[in-house]
Amino acid sequence: IKEYLPPLAKLLFTIAREKKDGHFVEQLAEDDHWFQDLLAKYDGKQPAVTVSADDLAIFQYTGGTTGLAKAAMSRHRALVANMLMTEGILDLLDLPPEDEISLGAIPFFHVYGLVIVVSTSVYRGSKIVLVPNPRDIDDVLGNIETFRTTLFPGVPALYNAINNHPRVQSGDVDLSSLSLCISGSAPLPESTKAEFERLSGATLREGFGMSEAPTATHVNPIFRENRPASIGLPLPEMDMRIVSLDDDDADVPVGEIGELLMAGPNVMVGYHGMLEETQKALRERDGKRWLYTGDIARMDEDGYFYIVDRKKDMALIGGFNVYPTNVENAIAAHESVLEVGVAAIPHPERAGQEALKAWIVRKPGAQLTAEQVIEFLGDKLAPYEIPRRIAFIDELPKTAVGKTLRRELTQLEAEAD
């Protein structure tokens, strides 16, 4: 533990207390061993292990936002391929790799941080500023200012927290070093994007990726239009198609919604120990191996993609398909709302039917009421899209990378009943 002592205490310990052969416990339990003894017991030869590009590299557990998490298995080849896809985007920036400084404010145990921050920075020989606790917004802002970070991969919840930080709102933080900010892991509300760009002066680009295709598959381009609410264009080597929600063999016309399918070198091998789930998600078609993502999406005439919602999250209200993400975006635009999650619940009055409920985190000091929310939504949503119930809570349940756990919200509702 000496290395963790303050400098003065470390020096005094070294001079006055440290023993030449180290500090040993006199009595060891029968099953305890000294690490030094284990090292001395075996030779120092490295094991003869050959690693192939087709060996499994990672079991990335899915977010489990609507159900049980699944372990998506991917090969080394897939991770390297995706790193090269994203690395090509950075080549478009007018910034040499040695001057790139990435803000490491997303978990590296998740493929988002592993590929976009760690692997890409190592490959390019650029720097990473480590942020142990991204919830500490003071530390995040301090690292940006101190180290003049240029690349900021983040999540909507983090950008939203920065937007609402007092120093940022008062203009006391210098964010001018940021040249590329990318939001992933969850839908980016237009209000969050616009506010971050206004306060920081930087451009925030939304992207998209999956644990099953680690990690990035789309992003808004550098030198083309950065379209709000769009996840952008597919990355190189990625093929996309959108199929009907009623017939998953039929492609839909441009502009219509359907399930997003993708094929490419970064698509997973399958789900560990879940053959049936793997067969549902991965299917051969036209000589390619397509991943059925479970995401409802559409593509516009310029090839930009838009995520509508997860198929599992879609609610049927009064015979109409309603998408909770669309409702969340409408509520998030209210000036008193910090965060919001929306999910389907059993209808409180009609057995066997669904209704929507919104869980809202108010900004500090805000006195927002349910009635004010409903009035605000009156000209923004259809009547059947407006939540039947509204609750105000202190914090939304989230995954490690900032996705709202809707299944935990519905559990809160079930427990309340």
To the nearest 500 deg cm²/dmol, what mean residue ellipticity at 222 nm is calculated for the chain from DSSP H runs of n ≥ 4 alone, each contributing -39,500 (n - 2.57), summed and divided by the residues?
-> -7000 deg cm²/dmol
Sparse-neighbour loop sites [trypsin sites (Lys or Arg not before Pro); region 344-417; at most 12 other C-beta within 10 Å; DSSP] | Arg350
Charge dipole magnitude, Cβ of K and R +1, D and E -1 - the chain, Cα centre, debye nearest 20 | 580
Can you put Val173, Val122, Val117 in order of Cβ neighbours within 10 angstrom, beginning with the fewest?
-> Val122, Val173, Val117
Phi angles of region 356-363, converted by Karplus (6.51 cos²θ - 1.76 cosθ + 1.60, θ = phi - 60°) into ³J(HN,Hα) in whole Hz with x for Gly and Pro, give 9, 10, 10, 10, 10, 9, 7, 5
GNM top mover of His347, His110, His33 - the chain, alpha-carbon springs below 10 Å = His33
When DSSP beta bridges are limited to those with both residues in region 57-309, what percentage is antiparallel, rounded to the nearest 5?
-> 70
What is the order of Tyr42, Tyr123, Tyr159, Tyr112, fewest Cβ neighbours within 10 Å to most?
-> Tyr42, Tyr123, Tyr159, Tyr112
When the chain is treated as a Gaussian network with springs between alpha carbons less than 10 Å apart, the largest mean-square fluctuation among Ala370, Ala297, Ala263 is found at Ala370
When Rg and Dmax of the Cα atoms in Å is calculated directly from the model, which label among (i) 20.7, 62; (ii) 22.5, 79; (iii) 24.6, 79 fits?
-> (iii)
Once a ≥ b ≥ c are taken as the square roots of the eigenvalues of the Cα gyration tensor of region 279-394, is the result rounded (a/c under 1.5), prolate (a/b larger than b/c) or oblate (a/b not larger than b/c)?
-> prolate
Approximate spin-label separation Gln169-Asp54, in nm, with each point projected 7 Å along Cα-to-Cβ | 5.7
Ranked list, fewest to most other Cβ atoms within 10 Å of each Cβ, for Glu195, Glu415 = Glu415, Glu195
What is the gain in length, in nm to one decimal, between Glu30 and Phe147 on full extension, counting 0.36 nm per residue of separation less the C-alpha to C-alpha distance?
-> 37.2 nm
Mind running the shape call on region 351-417? Use the C-alpha gyration tensor, a ≥ b ≥ c as the square roots of the eigenvalues: rounded below 1.5 for a/c, prolate if a/b tops b/c, oblate otherwise.
-> oblate
In the Gaussian network model of the chain, springs joining C-alpha atoms below 10 Å, which of Glu225, Glu145, Glu339 carries the largest mean-square fluctuation?
-> Glu225
Residues with amide H under 5 Å from that of Gly232, placed H, sequence gap 5 or more = Phe305
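Every number in this text was worked out from the coordinates using simple rules, so none of it is lab data. Computed from a predicted model, the values in this text were never measured in an experiment. Neighbour counts are summed over all protein chains in view; Cβ atoms, including those assigned to glycine, are modelled from backbone coordinates with ideal geometry.
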